[in-house]
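Asker: Structure incoming, see below.
The values are calculated or read from the model by the stated rules, or taken from the named source; none is laboratory data. The structure displayed is predicted, hence computed values, not measured ones. So basically every Cβ, Gly included, is an ideal-geometry build from the backbone, and we count neighbours across all protein chains shown. These accessible areas exclude ligands, DNA and RNA; they are computed on the full protein's heavy atoms, side chains included. Shrake-Rupley method; radii C 1.70, N 1.55, O 1.52, S 1.80 Å.
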Amino acid sequence: MLQVDDAARVAFAAEDLRRDGAGRSGAEAEALRRATAALRDPFDLQRGPLVRVALLRTGAERHLLSIVAHHLVCDGWSLGVALRELAACYAAYTSGGEPELPPLPVRYRDVAAWQAERAERGDWHEALEYWTAELAGLPTLDLPADRPRPAVQTARGGRTPVRIPGDVAAALGRHARESDATLFMALLAAFQVLLARLTGHDDIPVGSPAANRRRPELQGLIGPLVNLLVLRGDLSGDPTFRELLRRTRDRCVEAYSRQEVPFERVVRELGLVRTDGAPLVQVAFTMQNAPLPATPFGSLSLERVELEPDAVQYDLDMEVWGLPSGLEATLGYSSELFDARTAARLAGHLEAPTAACTSSSRSRRLGRRARRRSSPARAS
């Protein structure tokens, strides 16, 4: 049973790492080591706290701010809200004033109660019927891994960078607009093309989190509102990229209109048993475009630092960040299935379908080069 703690604690630490005399490079390396350790340190869900913050000074004008929050209290959108409010507090305090944050129209406990009421009234009946029909006969992707899947799979994994050149990203965005779609839909379609070529399948289910904040009163709320959607890619009939993008758009629109049904409820409705692994899908795609402040702290600047997590939820997990400088992407992989070198080759192969999808000959068929591959390294 969950309880609301109005006086919850946040673990906060501030330390100047220059004292060790290691210089700026040594202090920054130590800061990254500590931030990574904090990311991997498990939470005590019974005692808390579920948020850990550390401010580590690495130079005269350089700090690393580490915020680690459990998904029970925070999601990706919440991080953008927290940073904006932190920026407002910083600006107010440095000018000698008091922060004036906008009042919250609802609290997370209100959202939880509202969801419970909707479930009791049967408001999700039509949406549940859609999901049970949509996910009936969902295939298991036969990914060509380096090793057989273990009987009990852990979350051990890693991440490798994916290169999306600026001209390719711009072309994808342009094609998406011409098809009344979004950049997310275009990137998802390109990712599913790669998966089709790897597996030989033309039905490609991919899990993707939805912000689940369509109501305006939820925009400024910090809390875990994100919900997982299963999006099936339909590559049957050797479509062109324009045709595939239209199919992807229609599927996404239908799914987004029913995104409020909790994923756990869909799993129960399908009669599946939730295990430590991910039910329904083995591959995920995420595009993080939650609004972040461009100049968050007055004259100070903020830049994102990429850490090296050693845990993944899926066999493969592509994550794309929409930043002012362009698109940054990484490919997460299960270390029990894939070697790091294989994952790096897969990330490189992602460039091929992405670039092909943006070529001027959009009427050209994508081609079902989806014959079964013996190794990810040989995907074309």
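Asker: Return only the number of the condition from (1) farther than 23 Å from residue 258 by Cα; (2) at pLDDT below 90; (3) in a loop (DSSP other than H, G, I, E, B); (4) not β-branched (Val, Ile, Thr) that residue 87 does not satisfy.
Answerer: (3)
Asker: Taking into account only those residues within region 75-99 that are open to solvent by 90 Å² or more (accessible area, probe 1.4 Å) and free of Cβ contacts under 8 Å to residues at least 12 places away in the same chain, which is farthest from residue 46 (Cα to Cα)?
Answerer: Top of the filtered list is 95.
Asker: Determine the pairs where a residue that is closer than 17 Å to residue 142 by Cα, located within region 306-318, has a partner that is open to solvent by 60 Å² or more (accessible area, probe 1.4 Å) and part of a loop (DSSP other than H, G, I, E, B) with Cβ atoms under 9 Å apart, the partner being 6 or more residues away or on another chain.
Answerer: Going by the 9 Å Cβ cut-off, the qualifying pairs are 315/149.
Asker: I'd like the residue in region 194-221 that is in a helix (DSSP H, G or I) and of a type outside the set (Ser, Thr, Tyr) and, out of all such residues, is nearest to residue 72 (Cα to Cα). Lay out the reasoning, then the answer.
Answerer: At the first step, the residues of region 194-221 found to be in a helix (DSSP H, G or I) are 194-199, 216-218.
So of that shortlist, the ones also of a type outside the set (Ser, Thr, Tyr) come out as 194-198, 216-218.
Details: 194: 33, 195: 31, 196: 34, 197: 36, 198: 35, 216: 22, 217: 20, 218: 17 Å.
This residue is 218.
Asker: Hey, any hits in region 183-196 for a residue that's of a type outside the set (S, T, N, Q), surrounded by fewer than 20 Cβ atoms within 10 Å (Cβ to Cβ) and over 17 Å from the mean Cα position of the chain (by Cα)?
Answerer: no
Asker: Just wondering, is there one or more residues in region 211-231 that are open to solvent by less than 10 Å² (accessible area, probe 1.4 Å), at pLDDT 95 or above and not aliphatic (A, V, I, L, M)?
Answerer: No, region 211-231 has no match at all.
Asker: Looking for whichever is out of contact with any helix residue (DSSP H, G or I) (no Cβ under 8 Å at 6 or more places or on another chain), at pLDDT 80 or above and open to solvent by 50 Å² or more (accessible area, probe 1.4 Å) here; the options are 267, 253, 273. Which one fits? Give the derivation first.
Answerer: On the way: 267 fails: open to solvent by 50 Å² or more (accessible area, probe 1.4 Å); 273 fails: at pLDDT 80 or above.
When all the criteria are applied, what remains is 253.
Asker: Do the conditions hold for residue 72, that is, is it open to solvent by 50 Å² or more (accessible area, probe 1.4 Å) and aliphatic (A, V, I, L, M)?
Answerer: Answer is yes for this residue.
Asker: Can you name the residue in region 113-127 that is in contact (Cβ under 8 Å) with a residue 12 or more places away in the chain and among the hydrophobic types (A, V, I, L, M, F, W, C) and, of all such residues, is most open to solvent (accessible area, probe 1.4 Å)?
Answerer: Applying the filter and picking the extreme gives 119.
Asker: Something else now. Quick one: which of 52, 33, 40 is in contact with an Asp or Glu (Cβ under 7 Å, 6 or more places away or on another chain) and under 17 Å from residue 309 (Cα atoms)?
Answerer: Values: 52 fails: in contact with an Asp or Glu (Cβ under 7 Å, 6 or more places away or on another chain); 33 fails: in contact with an Asp or Glu (Cβ under 7 Å, 6 or more places away or on another chain).
It is 40.
Asker: Is there a residue in region 50-63 that is closer than 30 Å to residue 228 by Cα and in a helix (DSSP H, G or I)? It would help to see each step written out before you state the result.
Answerer: From region 50-63, those closer than 30 Å to residue 228 by Cα are 50-54; that's our starting set.
After this cut, where a residue has to be in a helix (DSSP H, G or I) as well, the list is none.
No, the conditions are met nowhere in region 50-63.
Asker: Right, here's the next one. Report whether or not residue 56 is open to solvent by less than 70 Å² (accessible area, probe 1.4 Å) and within 28 Å of residue 285 (Cα to Cα).
Answerer: Working: open to solvent by less than 70 Å² (accessible area, probe 1.4 Å): yes; within 28 Å of residue 285 (Cα to Cα): no.
No; evaluated as a whole, the condition is false for this residue.
Asker: Another question, then. I need a count of the residues in region 137-181 that are buried (at least 18 other Cβ atoms within 10 Å of the Cβ) and in a loop (DSSP other than H, G, I, E, B).
Answerer: 7
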